[in-house]
Amino acid sequence: MQSIRRLAFTLAVAFALASAAPLQAAQPTDGAANEVLRIGVVDVARVVNESPQAARAKSSMATQFAKRKNELEAKSNALRQDMDRLAQDGSVMSEADRDKLQSDIRDRQRELQLERSKYNDDVSDAEQKEFEQMRADILKIIDQYAEDNGYDLILGDGVIYSSKAVDVTDEILAELGDS
């Protein structure tokens, strides 16, 4: 229900923007009659994916978690080898050796599952932190770009359609590259 309301609101805003030709300020604050509003649109998903900050964040995350990821993969491979050995040689092993190996495999599976869960939580937390910082940087650049270039309104997420004439995504990406 909430997403339907959000869609209806977005459609209403898009319709209002599309039906205003050209957009004029309702009450000009500087006394200028017929002031035209300057509107731009930013493809936020593209900015997040293509910005240098995103590339740095991905590289930082890969470096930060590479050791743990490799350790988990090594443990997983060792466990898989022992499982294969049990499947292959279990019928010829003594009962005590087979039971010991089965117990060891179960214990290591639980431990590995717990370590993977902790790893995924840590990665998720770090990604969220990086994303929040990147989001703040991007918004700061967009605000500065809008002020420097005389925009009255910059739209982002929730835009259903925009022409190339109002799309300032490339300019924002260039600004992010310069920062």
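The values are calculated or read from the model by the stated rules, or taken from the named source; none is laboratory data. As the structure is a computational prediction, the values presented were derived from the model and not from experiment. Here Cβ is always computed from backbone atoms with ideal geometry, including for glycine, and neighbour counts include all displayed protein chains.
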**Message:** Can you pull out every residue in the stretch 57-101 that is surrounded by 12 or more Cβ atoms within 10 Å (Cβ to Cβ) and within 17 Å of ASP125 (Cα to Cα)?
**Reply:** ALA57, LYS58, SER60, MET61, GLN64, PHE65, ARG68, LYS69
**Message:** So if I check each of ALA57, ALA74, which one is in contact with a helix residue (DSSP H, G or I) (Cβ under 6 Å, 6 or more places away or on another chain) and assigned to a helix (DSSP H, G or I)?
**Reply:** ALA57
**Asked** Of (1) more than 22 Å from ALA74 (Cα to Cα); (2) surrounded by 13 or more Cβ atoms within 10 Å (Cβ to Cβ); (3) not β-branched (Val, Ile, Thr), ASP122 satisfies all except one. Which?
**Response** (1)
**Complete:** Condition set loosely packed, with under 12 Cβ neighbours inside 10 Å and touching a residue at least 24 places away in the same chain (Cβ under 8 Å), scope the stretch 135-159, selection farthest from the chain's Cα centre (by Cα): answer is GLY150
**Complete:** Expected single match for under 27 Å from ARG56 (Cβ atoms) and either in a helix (DSSP H, G or I) or modelled with pLDDT under 95 (or both) among ALA165, ALA96, ALA87, ALA174 is ALA174
**Asked** Out of the stretch 124-162, which residues are acidic (Asp, Glu) and assigned to a helix (DSSP H, G or I)?
**Response** ASP125, GLU127, GLU130, GLU132, ASP137, ASP143, GLU147, ASP148
**Prompt:** Restricting the first residue to the stretch 113-134 and requiring it to be within 15 Å of ALA55 (Cα to Cα), which pairs with a second residue that is at pLDDT below 95 and outside any helix (DSSP H, G or I) meet a Cβ separation below 8 Å and a spacing of at least six or different chains?
**Reply:** MET134/SER51
**Asked** (1) in contact with a Lys or Arg (Cβ under 9 Å, 6 or more places away or on another chain); (2) on the phi < 0 side of the Ramachandran plot: which one isn't true of GLY150, the others all being true?
**Response** (2)
**Subset of the stretch 37-54 that is of a type in the set (A, V, I, L, M, F, W, C) and not in a helix (DSSP H, G or I) - its residue that is surrounded by the fewest Cβ atoms within 10 Å (Cβ to Cβ)** = LEU37
